[in-house]
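I have placed the structure first, in the form of structure tokens, so that the comments after it can refer back to it.
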Amino acid sequence: MEESTSREKILKKVRDALIEKTEAPYPILDQDSSVYKEMTEPLDVTFAQELVRIAGKFVYSESEDEFIGNLKSFIIEKDWGVLFCQDAVLHRILKAGGIPFEAHSESLLEARIGITRCEYLIARLGTVMVSSRLSPGRKITVYPEIHLVLGYASQLVPDLKQALAGIKKKYRDNYPSMVSLISGPSRTADIEKTLVMGAHGPKELYVFMIDDTTSSNDQPDR
């Protein structure tokens, strides 16, 4: 009986709290102001610095042709072999540049290098935002041990807030089934506090950024 009485007292307090209007404890709190310090460097410089800080690699290109040249150099220098790609837009770029690639899904598990586009490049975090709408499925950002990302300077945003607002505006009521943030290579230190790279995804992350803000060449839809 005593237990039931105590329970009723608690429930009554909960009901009263829901009925009674409670004033905001901090009515003049500004919730729209940024909690971050203002960035002093351009977005591309900030992104590159933050990406390198979290063990990613940044490659700048002034044009699509320069991107192809840079990519070919990496393929030869690092002996990457054939890239895996399931993005139709990237297929056009790679074919035009004479870069071979594999696109059959059954080859994904054996793929060493995967290349995708991105939704946004978040400068303050050095983070890449990807979604399932840019290529079939989401496995290509996880399975290959090396992940290459093609981004554009026009996709740079200062913070996550602007990236999420952009996704909402771009897809409206037809959102991707997956929106993910990639902050450098996959890593973990859960086991004996020893850092292990590639624990849950790629061991290496390369972001190739084309500066489409100054180029006169037409760029693919993003």
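Brief remarks on what is shown
- Calculated FRET efficiency for the pair Leu164/Thr22, C-beta based, R₀ 22 Å, to 0.05: 0.15
- Build a GNM of the chain with springs between Cα atoms under 10 Å apart, and of Pro100, Pro185, Pro144 the one that fluctuates most is Pro100.
- Gaussian network model of the chain, springs between alpha carbon atoms under 10 Å - residue of Ala48, Ala103, Ala165 with greatest fluctuation: Ala165
- Backbone N under 14 Å from the Ser177 label point (7 Å along Cα→Cβ), restricted to the range 113-132: 131-132
- Bridges between two residues of the chain, per DSSP, are antiparallel at a rate of about 30%.
- Of the complete DSSP H runs in the chain, those spanning 20 angstrom or more by Cα along the long axis with a mean Kyte-Doolittle score not below -0.5 are 64-78.
- Charge dipole magnitude, Cβ of K and R +1, D and E -1 - the chain, Cα centre, debye nearest 20: 600
- Reported label for calculated Kirkwood radius over Cα pairs in Å given (1) 17.4; (2) 20.1; (3) 19.0: (2)
- Sorting the segments 87-99, 106-118 by their residues' average number of neighbouring beta-carbon atoms within 10 angstrom, most packed first, yields 106-118, 87-99.
- Using Cβ point charges alone (K and R +1, D and E -1), the dipole size of the range 3-66 about the Cα centre works out to roughly 1000 debye.
- Cross-link pairs Lys72/Lys95; Lys78/Lys203; Lys95/Lys168; Lys37/Lys170; Lys57/Lys170; Lys57/Lys203 - those with Cα-Cα distance over 20 Å: Lys95/Lys168; Lys37/Lys170; Lys57/Lys170
- Taking a point 7 Å out from the Cα of Met39 in the direction of its Cβ, the residues of the range 51-67 whose backbone N falls within less than 20 Å of it are 51-63.
- Segment Lys72-Ser154, length gained on full extension (0.36 nm per residue, minus Cα span): 27.2 nm
- Farthest positive-ward along the chain dipole, Cα basis, beta-carbon charges - from Leu134, Ser177, Leu164: Ser177
- Every helix of 4 or more DSSP H residues in the chain counts as -39500 (n - 2.57), and over all residues that averages to -9500 deg cm²/dmol at 222 nm.
Every number in this text was worked out from the coordinates using simple rules, so none of it is lab data. Keep in mind it's a predicted model, so treat the numbers as computed, not measured. Backbone-built Cβ (ideal geometry, glycine too); neighbour counts: all protein chains shown.
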